[in-house]
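Undergrad: Pasting a structure here, questions to come.
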Amino acid sequence: MRKFLTFLLAVILLAALPEIQSAQTHSSVNSAAVAGMQRKLEHVQSNGALAHPDTASTEFSEQEINAYFASGSVKLPAGVQSATFQAQPEVVTSTARVDFDQLKTGRNSSNPLLSVFAGVHDVVVVAHAHGIGGHGFVHVDSVSLDGVEIPAFVLQIFVQKYLQPRYPNIGLDSRFALPDRVDTATVGLRTLTITQK
C-alpha cells in the first residue's frame, strides 16, 4: 500500500477542499473522505493479491486524496510539511510547504545555483502523469518556489544532488512499476482512476 500511496503522491498533485464550509461540516466531510480513501486503498490492496483481480475501475477523488494526506495517514518525506493536489485531465498540480534545510540534511553543496533551495518555501509542481501497462509515468512540466519558476537545468541539478541519492527512481521524467497489479492510472478532472489486472 505504501508504494501505491507514493504513486498517488507522485501522480495527483493538489486540490484543496472547498473552503465555503463551516468548521463542523468541514470536519465531517474530511472524516468521510478519509474513510472512503482508506476503504478504496484496502480494496486495491486485497484485489491486487487475487490471482484474477476484479478489473472494474477504482476512482479516487481529489477531496479524498487531500483529506487523506492532511489527516497524517501518509508519512511525507522529510522536510515536506504539507501537500495538496489538484487534477486536470492528464495533469497534476501539487502544492507543498517544504523545509529545504531539513530535506537536504547531510548533503551540502557549494553550487550557487542551488542556494535558492534553502529555508521554508511554498512549492508548486505541475506534471503530466499516467499509468499504462503496469507502469507509472510522470513528467515534471514546471516547479515554482514562492511564485518564481525554477529553470529546468537548476531543477535537474537539485534532483541529482538531493533527491536521487534517497529516491533513485525520482527525476524530472520518471518511470516506475505500479504496485498491487495496477494496470492503468488515469488523471481526470479532480479524479484519479485506476484499473487492475
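Undergrad: Would you kindly state how much longer the chain becomes between S71 and E90 on full extension, computed as 0.36 nm times their sequence separation minus their alpha carbon distance, in nm to one decimal?
TA: 4.3 nm
Undergrad: Compute the length gained on full extension between L189 and H43: take 0.36 nm times their separation in residues and subtract their Cα-Cα distance, giving the result in nm to one decimal.
TA: 50.3 nm
Undergrad: Consider a paramagnetic label point 7 Å from the Cα of T55 along Cα→Cβ; state which residues of the range 162-197 have an amide N under 13 Å from it.
TA: Under 13 Å, as judged by backbone N against the label point of T55, lie 183-184, 195-197 of the range 162-197.
Undergrad: Still on this structure, please answer the following. Kindly state, to the nearest 0.05, the FRET efficiency for S82 paired with D146, given R0 = 22 Å and r defined as their beta-carbon distance.
TA: Given R0 = 22 Å and the Cβ-Cβ separation, E is 0.90.
Undergrad: Please get the size of the charge dipole for the chain, origin at its Cα centre, with Cβ charges of +1 on Lys and Arg and -1 on Asp and Glu, quoted in debye to the nearest 20.
TA: 620
Undergrad: Taking amide H positions as placed in the peptide plane 1.01 Å from N, state which residues far from V80 in sequence (5 or more) or on other chains have amide H under 5 Å from it.
TA: Answer set, sorted by chain and number: D99.
Undergrad: Hey, another quick one. Which residue, chosen from Q38, Q88, S144, occupies the Cα position most advanced towards the positive end of the dipole of the chain, where the dipole is computed from +1 (Lys, Arg) and -1 (Asp, Glu) charges on Cβ about the Cα centre?
TA: Ranked along the dipole, the leading option is Q38.
Undergrad: What is the set of long-range amide H partners of S142 at a cut-off below 5 Å, with H atoms built 1.01 Å from backbone N?
TA: The answer is V126.
Where a number appears in this text, it was derived from the coordinates with a stated rule and is not lab data. Given the structure is predicted, the values throughout are model-derived calculations rather than measurements. Cβ atoms come from the backbone with ideal geometry, glycine included; neighbour counts cover every protein chain shown.
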